[in-house]
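The values are calculated or read from the model by the stated rules, or taken from the named source; none is laboratory data. In this text the structure is predicted, and so the values were computed from the model without any measurement. Cβ sites come from the backbone with ideal geometry, for glycine too, and all protein chains shown count toward neighbours.
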Amino acid sequence: MKRLHATLLSASAALLAALAFASPQKPAPKPKLSFTNDVLPVLTKLGCNQGNCHGQQGGKGGFALSLRAWDPAFDFENIVRAASGRRIAASDPTRSLFLLKPLGLVPHAGGKLLTPYSEAHLIIQRWLAEGHPAPDEKTDLSITELTVTPEDALVRKPGDSVAISVRATYSDGTQRDVTRWSRFSSQNDAVASVDDTGKVRVRGPGESAILVAYSGEVKVTRVALPYAPLSLHPEATNPLDLTVLGKLDKLGLTPSPRCTDSEFLRRVSLDLTATLPTPSQTRQFLDSPDPQKRSKLIDKLLETDAYVDLRTLKLCDLLRVNGQFLSDEGADTYYRWIRQQVAQNTPFDKFTFALLTGKGSTFHTGPANYCRVAQTPEDLTEATASTFLGTRIGCARCHNHPFERWKQSDYYNFAAFFARYGRKGGPEFGEEQVYVKRDGEIANPRNKATAKMRFLGEKVPVAGEPFADRRETLATWLTGKDNRQFARVAANRLWSDFFGRGIVEPVDDFRLSNPPSNPKALEYLTDQLLASRFDLKAVTRLILNSETYQRSSQILTPTPLLPGNVRDDRYFARAYPRRLGAETLLDVVGQVTGKRDRFYPYPDGIRATQLRESRNSGYFLEIFGRPKREILCSCERSPQPNLSQSLHLVNSGSINDKLANGTTLKKLLTDFEPWAKPVRDARIVEELYYLTLCRPPSKAESEKLVAHIQKQKERKQGFEDALWALLNAEEFLFQK
C-alpha cells in the first residue's frame with residue numbers, strides 16, 4: 001500500500017510537471033515607461049517644448065515646459081503637480097487634459113497634435129495609465145552620445161534627397177534608433193528643407209545645417225549642393241589654405257585670384273596699423289622684385305607702434321574701457337595696462353588670467369577694472385561668458401534660456417565663481433579697491449538654493465578651497481589647454497578682424513544652431529593658437545601670409561569653364577569689401593589731407609585709434625559707428641554705410657577745412673611749381689593716387705582729373721576737387 005501511494009504521488013508530480021511544461025507561460029510584465037526616455041521625446045517631436053510653444057519664456061497658456069526637454073524634473077512638476085494637478089486625471093487617465101488637448105477633444109491653442117491610437121498617443125496614454133511615474137535620476141538612462149548619419153552629405157542636383165538617421169547611446173551601453181522621435185529643422189530653407197521623418201530635400205545650391213533635437217540633446221549635420229559641378233583652384237601648401245579650398249571645392253566655388261601688390265599693401269597696412277604707406281614707401285614696395293616682400297612687410301608692420309595702438313583699440317572695445325564706468329583715471333590706467341600687454345605680446349591666456357583675477361586699486365592696477373566695468377557677479381558672469389567663451393547666456397539670468405541649453409541653474413552655478421569678490425572706495429575720489437572676501441554666496445532666485453560652483457557646460461560641481469580666490473579656479477579652467485572653446489573664440493575673433501566676418505558669425509554667438517561656416521578651418525586655427533601658447537602675433541602672421549587673406553575682392557561670374565563665386569558670402573572664396581572703421585577712416589583722411597583732428601583734452605598729435613575711450617570723440621566717429629562700449633555685443637560697432645555718412649563726407653565743414661587748409665596740397669603745389677603745367681598737374685594727380693589708393697592712376701583716370709583741374713579758375717580749387725573725389729571714392733572708403 002505504501003508503495004502504491006508513493007507511486008501515485010510520483011505519477012501526480014510528473015503529470016503536474018508535464019502540464020506545467022506544456023502550458024503557455026505568462027509573458028513577463030512590460031517595464032513601466034520612463035518619463036524622461038519615452039514621454040519627453042514625444043513632446044519634443046510634437047513641438048510642445050519648442051521656443052514658439054510651451055518652451056518659450058513663461059510658457060504658453062499658463063503651461064511651461066523646459067526648452068527641448070532639458071529639465072525633466074521641471075517638466076514633470078508642471079505637467080503633474082502645477083495648476084493644482086488639473087492636467088492629470090488620476091482616477092481616469094484617458095480624461096486627462098494632458099491627453100485630451102493634443103487630441104483636439106477640448107480646445108487647444110496649438111491645435112490637434114495627436115492622431116488617435118497613433119504610437120505617440122499610446123505612449124502618453126500608457127504612461128498615464130501606469131500612474132505617471134516621475135523621472136528618477138537613479139533608474140532613468142542618460143544619453144551618452146547622439147549619433148547622426150550622414151554627418152556631411154553632398155548631393156548633385158536640386159530635388160535630390162538625403163535620409164537622416166539618428167541613434168542614441170545610453171548610459172547602460174544600449175543603443176536605440178530614435179529617428180522617429182527626433183525633431184528636425186533646417187538653418188537655410190532656401191538650400192534644403194527637412195520633414196518630420198528626417199528626409200532632407202535639396203532646393204538650391206549652397207550649404208545648410210540641419211539641426212537634430214532629441215531628448216535634450218542637439219546635433220548638427222550638413223547638406224550641400226555645389227554651386228557648380230567642379231571647382232578649379234590653385235595649388236596650395238599652407239594647411240590653412242587647404243581647409244578653405246577644401247570647402248570651396250566641395251561647394252563648387254572658384255577662389256578669386258591673388259590681389260595685386262598695391263591692393264595687398266593698402267589692405268595689410270590698414271588692417272595692422274590703421275595708416276596708409278607714404279607714396280615713396282608704396283613705390284619702393286611695388287618696384288621690389290623680392291618674392292618674399294609681402295611676408296617681410298607683415299613682419300615689419302607687426303613691430304610698429306601703430307600696430308600696438310590698433311590692437312589695443314580692439315581690446316578696449318572688447319573690454320568696454322569707458323570712463324563713464326571707470327572714471328577718467330581708471331580708464332587711463334586700464335588703457336595703459338592693456339597697451340603694455342599688447343606691446344609685450346603677452347600670451348592671450350596669461351592676459352585673460354590677469355583680467356579675471358585682478359584686484360587692488362582701479363587707479364593703479366589695470367586689470368582690477370575688469371571687475372568694475374561689470375559690477376555684479378551676474379554682470380561678470382555674462383561678460384566672461386560672452387568675451388571669452390562666445391556664449392550669450394544673459395537670458396538665463398531670469399529664466400531658462402529660450403533657445404539654447406542653458407538653464408537658470410547653469411547661469412548661477414557659473415556666477416558662484418564671482419560671489420566672493422568685493423569692491424570698496426579708495427583714498428582718491430572715484431577710486432575703488434577690488435578685493436577677495438572670505439565668505440559670500442549667490443543664490444538662484446527661482447528656488448533660493450545656494451549656487452554650487454560649476455564651469456559652464458560641465459556637469460560636475462567644483463570643490464574650492466574655503467578661503468581661496470574662486471576667480472583663480474575659474475581662470476585656470478578657462479585658459480587651460482583642455483578648454484578648446486577659449487582658444488576657439490579667440491581664434492575666431494582674430495580671423496574676423498582681417499576678413500570682416502568670423503568663421504562663426506556673430507563672433508560672440510557660438511551655439512549649436514549657429515555652426516561655423518568652415519569647421520576645419522576654425523579647428524586648425526584653434527590648434528595653431530594652442531601650439532603657439534596663445535601668441536596672437538604668430539597666428540596673425542599665419543593668417544596674413546595665407547592665400548585666403550591675399551585673395552582679390554574681384555567677383556568671378558560663372559563661365560562654361562569656371563563656376564565663379566558671385567554667390568559666396570561666408571566661405572572666403574574672395575575678399576569681402578569692408579568699410580573702414582570709424583577711427584581708421586578719420587585718421588587716414590587726416591593723414592592724406594595733412595590736417596589731423598584735435599581731441600580735447602588729449603595732447604596734440606593723438607590719432608583717433610589712440611583714444612583711450614569713446615566719450616566726447618566727435619560727430620564723425622559717432623556716425624561712422626564707433627561703439628560707445630556700453631553693452632556686451634559685437635554688434636555695438638556698426639560697419640554698415642548709411643546716408644548720414646555720405647552727407648557728412650559731401651558737406652562736412654571739417655572735411656572742407658582739411659582740404660582747404662591741410663598741408664598736403666600746399667606742399668605738392670610748392671614742390672611741383674617749376675614744372676611745366678601739363679606735366680605738373682599729371683604728376684600731382686599721380687601723387688594723390690599714391691597717397692589715397694596706394695597705386696598710380698590709369699591713363700583715363702589721370703586725364704579725367706587733369707582736365708577738370710585745368711577748367712578751374714583757381715588751380716588749388718581744382719586740386720581740392722580732385723582730392724575730394726578720391727576721398728569719396730568707394731576704393732578709398734572700403735577695404736578691398
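A compact table of results
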read-out: Residues that are free of Cβ contacts under 8 Å to residues at least 40 places away in the same chain and part of a strand (DSSP E or B), drawn from the stretch 406-451; value: G422, K424, G425, A443, T450
read-out: Tally, over the stretch 553-577, of residues that are modelled with pLDDT of 90 or more and surrounded by 18 or more Cβ atoms within 10 Å (Cβ to Cβ); value: 8
read-out: Selection status of P639, out of contact with any His (no Cβ under 9 Å at 6 or more places or on another chain), closer than 30 Å to F325 by Cβ and surrounded by fewer than 16 Cβ atoms within 10 Å (Cβ to Cβ); value: yes
read-out: All positions within the stretch 182-204 that are assigned to a loop (DSSP other than H, G, I, E, B) and on the phi < 0 side of the Ramachandran plot; value: S182, Q187, N188, D189, A190, V191, D195, D196, T197, R203, G204
read-out: Tally of residues being within 19 Å of Q591 (Cα to Cα), surrounded by fewer than 19 Cβ atoms within 10 Å (Cβ to Cβ) and aliphatic (A, V, I, L, M) across the stretch 657-693; value: 2
read-out: Residues of the stretch 217-229 that turn out to be in contact with a Lys or Arg (Cβ under 8 Å, 6 or more places away or on another chain), buried (at least 22 other Cβ atoms within 10 Å of the Cβ) and not hydrophobic (A, V, I, L, M, F, W, C), as a count; value: 1
read-out: Count - residues of the stretch 318-333 that are among the polar types (S, T, N, Q), over 27 Å from the mean Cα position of the chain (by Cα) and surrounded by 19 or more Cβ atoms within 10 Å (Cβ to Cβ); value: 2
read-out: Subset of the stretch 452-500 that is in a loop (DSSP other than H, G, I, E, B) and within 17 Å of the chain's Cα centre (by Cα) - its residue that is surrounded by the fewest Cβ atoms within 10 Å (Cβ to Cβ); value: G457
read-out: All positions within the stretch 501-528 that are assigned to a helix (DSSP H, G or I) and farther than 19 Å from Y576 by Cβ; value: P519, K520, E523, Y524, T526, D527, Q528
read-out: A343 being at pLDDT below 95 and either of a type in the set (D, E) or over 19 Å from the mean Cα position of the chain (by Cα) (or both); value: no
read-out: Filter pass, T352 being among the β-branched types (V, I, T), over 21 Å from S634 (Cα atoms) and buried (at least 21 other Cβ atoms within 10 Å of the Cβ); value: no
read-out: Every pair of residues 6+ apart whose Cβ atoms lie under 7 Å, when the first sits in the stretch 530-558 and is free of Cβ contacts under 8 Å to residues at least 12 places away in the same chain and of a type outside the set (S, T, N, Q) while the second is crowded, with 16+ Cβ neighbours inside 10 Å and assigned to a loop (DSSP other than H, G, I, E, B); value: A538/S532
